[in-house]
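One structure is given below, encoded as structure tokens.
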Amino acid sequence: MTSPHSPLKHSKRPSQSPIGTFLKILVAVVVVFAVSSTSVAAIAVYQTLSKIGPGIQLADPNATAAAIPSVGAIEGGVNLLLAGTDTRTDQGDAFSDAANQDASSGAGNNDVTMVLHISADHTNATVISIPRDLITAVPDCPDPNGDGGTVSGTDAAMFNTTLSRGGLACTVLTAEALTGLKIAYAAEISFDGVIAMSNAVGGVSVCLATAVTDPFTGLDLAAGQQTLVGDQALAFVRSRHGVGDGSDLGRISNQQVFLSALMRKITSAGVLANPIALFSLANAAVENMTFSTTLKDPAAMVAIALALKNVSLSNLVFVQYPVITDPDDVNRVIADDASVAVLNAALASDSPLTLTGGVGRAAVADPSTTATPAPTDTSAPADTTTPTDTATPGDTSTPTPTDTSVALPTNVSGQTAAEETCTVGNN
């Protein structure tokens, strides 16, 4: 396990590819069911769903899990956690520690963690990326070995150790404490899953404001529009050294560039009207993800997907959990309590979010679009030799909203799925 003050050694993990990936699996399953009136589609659905394995028991899965209707969207709000694990187990020689100069422990840490929050009225949704280097308290967790024991908590640990520490349930419990949300659904995805998902949709086109080169992931991309698929898509979402200021926070914003592009493709007619692509997507998801017991029922996936159906891309907001530099270790971050309070209150009230800050350290608005550009991050870049978070506590005053939305503090970075952004390389 990584200690709270161990040297930074991030590998690039299947990251934000995960959450977009998971959203697309939900959309895919919905459409699969919609077209299952034909015998061929019905067979494909059966083959896909039959591959779902046993679920992972969360600490308290029945506390907030809503009853799943036989048909139709789930009632009320939904909170779902997706963890991208860095495990090397069964991931092939390409992901062995020897093949990765900057490899992490490979112990199964949750180096990418996102929480999806869907409002109770199903009009807006938020995806919160929790930084892997966040130092936070970890509660007592049920022993993942299933023997009824407990894994003792700690006052300070890196957030990304929670998965290897106490399994998916431990990551969920820690994320609940950070966000104030009760999370009833969760899933894990590995390196292979990211590759399979990108292949299933035929690649994701992203904009690069500058060239992106990362010798640690083998990434070498020229500026401009690039279509990423397979290993290259995985390398892109895992890259830390190649984007922004070389920090994990830069990687988060790069993943948001990828995810927003992914969501725009998934909701396009090219994917939704292609049964073969949809079946491939659903198969890729169930073959490469591990679900909580509350989510492994196909009916739950369909119900959650239907809850997302009416959320527009402009109302799907990706945000980075608000953090500042840890005063005890410049290579770590801690929660920015003032900004976290604003975000968590908005989540609790199901309010739509308005971003007033930048799109992040590794992103800029796409200059080729005519849409109103997202504000850029004007903070000074961090020293790339020691990736750190140089943010300071944000101004928590909230401008008067024009509707029921809550304006997040200016130090909370992110973007909507509708915004077209470009990745900035770390050159």
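The values are calculated or read from the model by the stated rules, or taken from the named source; none is laboratory data. What you are looking at is a predicted structure, and each value in this text was computed from that prediction instead of being measured. Cβ: placed from backbone, ideal geometry, glycine included. Neighbour counts: every protein chain shown. Just so you know, the surface numbers come from the protein's heavy atoms only, side chains and all, with ligands and any DNA or RNA stripped out. Shrake-Rupley method; radii C 1.70, N 1.55, O 1.52, S 1.80 Å.
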Go through the stretch 193-216 residue by residue and tally those that are open to solvent by less than 30 Å² (accessible area, probe 1.4 Å) and closer than 22 Å to Lys265 by Cβ. 14
Tell me which of these Leu234 doesn't satisfy, since it passes every other one: (1) open to solvent by 10 Å² or more (accessible area, probe 1.4 Å); (2) closer than 30 Å to Arg332 by Cβ. (1)
Quickly run through the stretch 184-235 and pick out the residues that are of a type in the set (A, V, I, L, M, F, W, C) and in a strand (DSSP E or B). Ala186, Ala187, Ile189, Val204, Val206, Cys207, Leu208, Val212, Leu219, Leu221, Leu228
Failed item, numbered, when Ser190 is tested on (1) closer than 16 Å to Asn109 by Cα; (2) modelled with pLDDT of 90 or more; (3) open to solvent by 10 Å² or more (accessible area, probe 1.4 Å); (4) under 20 Å from the mean Cα position of the chain (by Cα): (2)
Could you list, in sequence order, all residues of the stretch 215-241 that are in contact with a helix residue (DSSP H, G or I) (Cβ under 7 Å, 6 or more places away or on another chain) and either at positive phi or among the acidic types (Asp, Glu) (or both)? Gly218, Gly230, Asp231
Just to check your reading of the model, which residue among Gly202, Gly193, Gly180, Gly167 is small (Gly, Ala, Ser) and over 29 Å from Ser119 (Cβ atoms)? Gly202
Index of the failed condition, Ile135 passing every other in (1) open to solvent by 10 Å² or more (accessible area, probe 1.4 Å); (2) among the β-branched types (Val, Ile, Thr); (3) over 30 Å from Ser349 (Cβ atoms): (3)
Taking the stretch 140-168 as the region of interest, how many residues are under 24 Å from Ile252 (Cβ atoms) and not hydroxyl-bearing (Ser, Thr, Tyr)? 10
Would you confirm whether or not the stretch 320-333 contains a residue that is open to solvent by 10 Å² or more (accessible area, probe 1.4 Å), under 29 Å from Gly108 (Cβ atoms) and in a loop (DSSP other than H, G, I, E, B)? yes
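Working carefully through the options Val112, Val172, find the one that is modelled with pLDDT under 95, of a type in the set (Val, Ile, Thr) and either surrounded by 20 or more Cβ atoms within 10 Å (Cβ to Cβ) or within 30 Å of Ser351 (Cβ to Cβ) (or both).
Values: Val172 fails: modelled with pLDDT under 95.
Selected residue: Val112, the only one of Val112, Val172 that is modelled with pLDDT under 95, of a type in the set (Val, Ile, Thr) and either surrounded by 20 or more Cβ atoms within 10 Å (Cβ to Cβ) or within 30 Å of Ser351 (Cβ to Cβ) (or both).
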